[in-house]
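S.K.: Sharing a structure, written as structure tokens. Questions coming.
The values are calculated or read from the model by the stated rules, or taken from the named source; none is laboratory data. From a predicted model like this one, the values you see are computed outputs, not experimental measurements. Here Cβ is always computed from backbone atoms with ideal geometry, including for glycine, and neighbour counts include all displayed protein chains. All accessible areas refer to the heavy atoms of the entire protein, side chains included, with ligands and DNA or RNA removed. Shrake-Rupley method; radii C 1.70, N 1.55, O 1.52, S 1.80 Å.
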Amino acid sequence: LAKTTQPISMDSYEGQEVNITCSHNNIATNDYITWYQQFPSQGPRFIIQGYKTKVTNEVASLFIPADRKSSTLSLPRVSLSDTAVYYCLANFSGGYNKLIFGAGTRLAVHP
Amino acid sequence: DVKVTQSSRYLVKRTGEKVFLECVQDMDHENMFWYRQDPGLGLRLIYFSYDVKMKEKGDIPEGYSVSREKKERFSLILESASTNQTSMYLCASSPDGPQHFGDGTRLSIL
């Protein structure tokens, strides 16, 4: 059964690095892992996407080990405005009808 | 900037009613999606469409149908609304890449 699992919640402090790990069994070799950020009363917003090793953009990094059974979103030096829910999305065995979101990780950043 | 607009932010309907949720995107994207979002369950895919008049079932299509008569518009239809369809509904669009989401419609079925 395709499943995407991530921690329910995390706490951090301003200026720290935050790593959120998502487990996704049996994704296909070329299928993407995507992370989204969601604030209250808004739709999810794209953060980063990748399918192997490491991807970095201006706001985050995404690490995917060789076995591709998990991925880690890394947020460098978080601020209060990074308090949000973060969703991992995995595409199992290709095709849009195998898009499986995790239940979301609620990140709270404290002063 | 991509804009995905959902016609209503809040909607209250009664059990048994036929309910229409509308979504419009302005970026000529091929793909459009409907999800429902429930606490502790994340987003679950109801239906998606990869072209005009084309549709595919997602994980939870039961009780729903969709319509895509024009490329920019994707409608979700609750044929006979039930209380267990009370939820946040999110529409998204994409080219062959990351999805862009609307801000959701919070639907309550009484």
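S.K.: Spot the failing condition for B:Lys70; the list is (1) in contact (Cβ under 8 Å) with a residue 24 or more places away in the chain; (2) farther than 28 Å from A:Phe92 by Cα, and only one is missed.
M.R.: Looking at each condition in turn, B:Lys70 falls short on (1).
S.K.: Take the residues of region A:71-110 that are away from chain B (no Cβ under 11 Å), open to solvent by 20 Å² or more (accessible area, probe 1.4 Å) and more than 16 Å from the chain's Cα centre (by Cα): which is modelled with the lowest pLDDT?
M.R.: A:Gly94
S.K.: Answer yes or no as to whether B:Leu11 is of a type outside the set (Ser, Thr, Tyr), more than 11 Å from chain A (Cβ to nearest Cβ) and assigned to a strand (DSSP E or B).
M.R.: yes
S.K.: Looking only at region B:16-38, filter to residues that are facing another protein chain (nearest Cβ under 10 Å) and over 10 Å from the mean Cα position of the chain (by Cα); which one of those is surrounded by the most Cβ atoms within 10 Å (Cβ to Cβ)?
M.R.: Among residues in region B:16-38 that are facing another protein chain (nearest Cβ under 10 Å) and over 10 Å from the mean Cα position of the chain (by Cα), the one surrounded by the most Cβ atoms within 10 Å (Cβ to Cβ) is B:Gln37.
S.K.: Let me ask something else about it. How about region A:1-52: which of its residues are free of Cβ contacts under 8 Å to residues at least 40 places away in the same chain and away from chain B (no Cβ under 14 Å)?
M.R.: A:Thr29, A:Lys52
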